[in-house]
Amino acid sequence: MSTKTITTTPFSDQKPGTSGLRKSVTVFQKPHYLENFVQSIFDSLEGVQGKTLVLGGDGRFFNRQAIQVILKMAAANGIGRILVGKGGIMSTPAASAIIRQYKAFGGIVLSASHNPGGPDGDFGIKYNITNGGPAPEKITDAIFAKSKVIDSYKIFETADINLDKLSIARIGEMAVEVIDPVEPYARLMESLFDFASIRKLLQSDFRICIDSMHAVTGTYAKDIFEKSLGAPAGTVQNGIPLEDFGGGHPDPNLVYAHDLVEVLFGDNAPDFGAASDGDGDRNMILGNHFFVTPSDSLAVLTANATLVPGYKDGLSGVARSMPTSEAVDRVAKKLGIDCYETPTGWKFFGNLLDADRATLCGEESFGTGSNHVREKDGLWAVLFWLNILAVTGKSVEEIVKDHWKIYGRNFYSRHDYEAVASEPAMELMDRLRSMTVELPGKQFGNYTVDYADDFSYTDPVDGSVSKKQGIRIGFTDGSRIVFRLSGTGTKGATLRVYIESYEPDASKHDVETQVGLKPLIDLAEEIALIRQFTQREEPTVIT
Ligand code: VG1
Ligand code: CO
């Protein structure tokens with residue numbers, strides 16, 4: 001049993017993106033690949049020696065092997081203590097909660113989120129800081145810089161730790177505590193929501209269905225909904241976490257969460273349905289034959305926050321990512337609170353939450369959360385909705401339609417062109433970028449361009465500037481079209497087109513989303529020549 005220093009050479013592709021490093025499993029299995037990145041993390045953290053780190057992942061293929069490697073490397077790098085989730089499991093929001101509760105130095109979370117898993121799927125690794133949130137660019141840049149010059153890494157040679165038993169063990173000087181990854185998170189949820197009212201609702205004839213998509217929330221959802229809140233056994237479907245997510249794509253949207261969609265849009269549908277993603281930070285909310293757009297969900301939670309014990313005193317402010325619809329802006333205006341527009345990615349909310357400028361945050365990509373942790377939180381959003389439904393006695397559809405009556409409806413949709421060729425996708429963006437100068441004032445049928453830019457964000461707390469965050473084209477009637485390239489895809493490029501229009505007139509709210517947005521969808525094609533650049537006739541996924 002001793003520390004060994006192993007000679008290595010750098011890999012060129014270890015730049016952490018929006019949420020850490022994501023690559024296919026086969027890339028992570030290359031000799032020294034994982035080790036190089038992990039050593040680069042340890043080398044970039046000043047003062048981590050002797051401190052506590054949290055470790056866990058979404059249970060996908062390679063999770064257990066990676067955890068054993070990281071534990072041994074942590075011991076060799078002088079880490080004081082590691083808290084690792086039993087079975088190597090920890091959802092992203094639970095990791096955030098545990099880092100905060102234990103006042104840990106930080107944490108390492110293993111996940112490629114909503115990307116498929118298994119030997120041919122994806123794997124990922126990200127570092128979270130003391131506040132429980134994703135590392136800011138300053139740290140991820142330092143990790144990348146290290147990974148480019150690395151020539152050796154340190155690892156402690158010893159037997160594997162048993163991850164399946166709650167225990168305290170040692171690797172050299174370092175303590176390894178295998179902890180329950182659910183309990184601290186479940187207690188936090190209980191402290192925020194009115195569990196008594198939700199329990200009463202779930203024991204009435206109100207029926208719910210939770211789809212964990214064979215990913216990490218299976219463990220959490222069974223404990224919270226079936227055990228703690230008394231929902232009938234079987235409420236959680238696809239609840240056993242599997243290394244390949246049962247061959248599925250654990251992305252909670254209308255296309256990939258089809259099991260749940262069939263239940264909620266089928267005969268004898270329950271009153272409420274929800275799904276979450278691979279690592280449990282996303283959520284999709286459905287009512288009986290009704291889909292709640294994530295942007296609307298954020299607006300509804302904001303408007304109804306004071307009904308929930310954890311937020312009964314009101315919100316300090318709200319924040320949304322730039323491509324998220326402006327529905328929440330209207331609520332913030334009415335409540336007289338600030339509304340921040342940030343680039344895509346949860347890390348941009350961290351400073352606003354820490355400085356108490358925002359209480360709730362959300363992204364159009366099925367992410368909602370609050371200052372209770374520093375990540376988006378799927379099951380938190382589900383409990384928030386159930387709390388609102390329990391207190392108001394209304395259905396999901398009534399809640400949303402009543403909301404539209406008050407605030408108007410923001411028709412909203414995202415069109416994804418997944419795994420297209422990278423070069424033409426970048427050309428499409430470059431072309432749009434150069435067009436932003438000439439677009440303002442231009443007329444396209446009924447639409448006149450009000451502004452066009454490549455979104456740039458100045459963090460109001462630390463003044464840091466993030467440029468080139470997506471092309472926004474705004475029209476004089478309040479409609480918007482946004483173009484971005486994904487930072488989380490692992491094959492080629494993924495073009496995301498976000499389309500939004502505003503309709504104040506309630507008599508026009510019952511139009512199907514894609515129909516309501518048709519003129520703008522056509523306009524996006526006319527302006528960006530999507531078909532020509534992507535060589536695709538239609539999007540891969542429409543949400
Ligand atoms: C996507 C979403 C973004 C989200 C990110 C991480 O990024 O659009 O809103 O924050 O995934 O989510 P991109 O760059 O592919 O558009 V998760 O659940 O994968 O941590
Ligand atoms: Co996720």
| request: Using a 10 Å cut-off on Cβ atoms, rank the peptides 319-327, 413-421 from the highest mean neighbour count down. | output: 319-327, 413-421
| When you count, for each residue, the other Cβ atoms within 10 Å and take the mean per peptide, how do 114-120, 517-523 rank with the highest first? | 114-120, 517-523
| query | Using the Cβ atoms and a cut-off under 10 Å, what net charge is assigned to the surroundings of G317, where Lys and Arg are +1 and Asp and Glu are -1? | reply | -1
| query | So what are the chain's ellipsoid semi-axes, whole angstrom, largest first, if each one is the square root of 5 times an eigenvalue of the alpha-carbon gyration tensor? | reply | 37, 29, 21
| request: Take the Cα atoms of region 451-512, build their convex hull, and give its volume per residue in Å³. | output: 149 Å³
| request: Multiply the residue separation of D510 and Q443 by 0.36 nm, subtract the distance between their alpha-carbon atoms, and state the gained length in nm to one decimal. | output: 21.3 nm
| Average projected area [Cα convex hull, region 477-543], square nanometres | 5.4 nm²
| Taking the Cβ of Q49 as the center, what net charge do the other residues with Cβ under 15 Å away carry, scoring Lys and Arg +1 and Asp and Glu -1? | 0
| task | Measure nothing but the geometry: give the 0 to 90° angle between the long axis through the Cα atoms of 33-44 and the longest principal axis through the Cα atoms of the chain, rounded to 10°. | result | 90 degrees
| query | Simple spin-label model, 7 Å along Cα-to-Cβ: E537 to K51 in nm? | reply | 5.5 nm
| remark: Per the helix-only model, the chain has a calculated mean residue ellipticity at 222 nm (DSSP H runs of ≥4, -39500 (n - 2.57) each, divided over all residues, rounded to the nearest 500) of -9000 deg cm²/dmol
| Förster radius 30 Å - calculated FRET efficiency between K15 and K103 (Cβ-Cβ, nearest 0.05) | 0.50
| By how many nm would the segment from R187 to K30 grow when fully extended, if each residue of separation counts as 0.36 nm and the alpha-carbon distance is taken off? | 52.5 nm
| query | Taking K30 as the anchor, which lysines have their alpha carbon closer than 26 Å to its alpha carbon, excluding any fewer than eight residues away along the same chain? | reply | K4, K15, K72, K126, K146, K148, K154, K491
| field | Helix 294-304 axis, angle to the chain major axis (alpha carbon atoms, nearest 10°) | value | 80 degrees
| Based on the Cβ-Cβ distance from R433 to E341, what FRET efficiency comes out when R0 is 22 Å, to the nearest 0.05? | 0.70
| task | Output ³J(HN,Hα) for region 13-22: one whole-Hz value per residue in order, computed from phi by the Karplus curve 6.51 cos²θ - 1.76 cosθ + 1.60 with θ = phi - 60°, and x for Gly and Pro. | result | 10, 9, 7, x, x, 3, 9, x, 9, 10
| field | Gap separating the Cα centres of region 490-543 and region 238-285, nearest whole Å | value | 24 Å
| note | Under the 7 Å Cα-to-Cβ spin-label approximation, N162 and A419 lie apart by a distance in nanometres of 4.1 nm
| field | Global size of region 185-404 as Cα Rg and Dmax, reported in angstrom | value | 16.1, 48
| Positive-pole candidate from P539, P134, A196, dipole of the chain, charges at beta carbon | P134
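Only the coordinates and a few stated rules stand behind these numbers; no lab work does. If you're wondering where the values come from, they're calculated on a predicted model, not measured in any experiment. Note: ideal-geometry Cβ built from the backbone for every residue, glycine included; neighbour counts use all protein chains shown.
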